[in-house]
1. What percent do you get for the relative contact order of the range 39-360 when only Cα pairs under 8 Å and 6+ apart count?
2. Of all beta bridges DSSP finds with both residues in the chain, what is the antiparallel percent, to the nearest 5?
3. Stretch residue 98-residue 381 to full length: gain in nm at 0.36 nm per residue minus the Cα-Cα span?
4. To the nearest 10 degrees, how steep is helix 67-92 against the longest Cα principal axis of the chain, on a 0 to 90 scale?
5. Compute the helix-to-body angle for 380-401: its Cα long axis versus the longest principal axis of the chain, expressed 0 to 90° and rounded to tens.
6. In which sequence would 99, 154 go, from the one with the fewest C-beta neighbours within 10 Å to the one with the most?
7. For residue 117 and residue 341 in one chain, what is 0.36 nm times their gap in residues minus the Cα-Cα distance, to one decimal in nm?
8. Considering only C-alpha atoms, what is the centroid distance from the range 339-366 to the range 99-150, in Å?
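Each reported figure results from applying straightforward, stated rules to the coordinates on display, with no laboratory input. Model, not experiment: these values are computed from the prediction. Ideal geometry is used to build each Cβ from the backbone, glycine not excepted, and the neighbour counts take in all protein chains shown.
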């Protein structure tokens, strides 16, 4: 077989194609190799061992990332991971209704999130806690969503970060419309132009909304970066059950570029996303990025990944940990020492403790809050509904006083 990524359809003379959902042993091995290695087209700047890889195409996009800047990226990932673990524990203790872990995807989210400029807009799914953090949103503001008290209270426009989207793939249509608006309003075409990025997983690429977004953004040259975090599992279905080709190659069919980046390499994610956003803000979009990473935890806290994946696969990916490779690079090149790493860990522990304290003592919102931020302009109909609902609730209070 000429490429492990062609496991479903071998080259002529290499044997029969796999039957639906029933690959041959050789094809299974090739598919697993593609899953763990990412293939020859993988863009990587920092190896799992923490060694720098030169890239004539992308080095210039991280020329400003010196030791201090890389320490900052390391700190971002450590804090986000620690907060994620704390939130996961709080859900198990009944403090959150559900949690969507990002464990293992810190580099993809921090790298791409830090590539955004203030004027850009990001559309997340429900796992982009690291991107939210990179956009300046207090991590505590995410807790209300998962404690089921609100839908997110940050200023979406000021932070350039849209509310979380629960419906799989729907945010791609929202982002496409927003990016088309940027194009129609003449906000692209030069270095100061705007761009949009939308996040989704490998499973969402099987949704019609995503493909409609591809079509419309291509037709209108929308300044939109499609950022697919391929964490290898769409809940319980592996990527090779969803596509006959690597996901980034799907962009060809719609007429725009696609690229696969090592999603566990924060430096590569930063560089590739900067490049893609630059293409978009200059009017050359859209672009599809497939961040080749791995979900180290469950899909959500309602999922049991031990029912559908092997522990050997998880152990193999632990060797590619996004945080450890940065730590190795910093230590090897004299940019950080053990006291520095200890300080960051202590800061992360305090970050998690503050998050826990806030969540345990989060006040219940007043009932009228459900009517807030529904429309941009005042609505007489909504006002009437609010007054009727409050009057209904007050009747219960009056009955209790008798």
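1. 28
2. 15
3. Additional length available on full extension: 98.6 nm.
4. 60
5. Orientation of helix 380-401: about 60 degrees from the principal axis.
6. Listing 99, 154 from fewest to most nearby Cβ atoms yields 154, 99.
7. Length gained between residue 117 and residue 341: 77.8 nm.
8. Computed from Cα coordinates, the inter-centre distance equals 16 Å.
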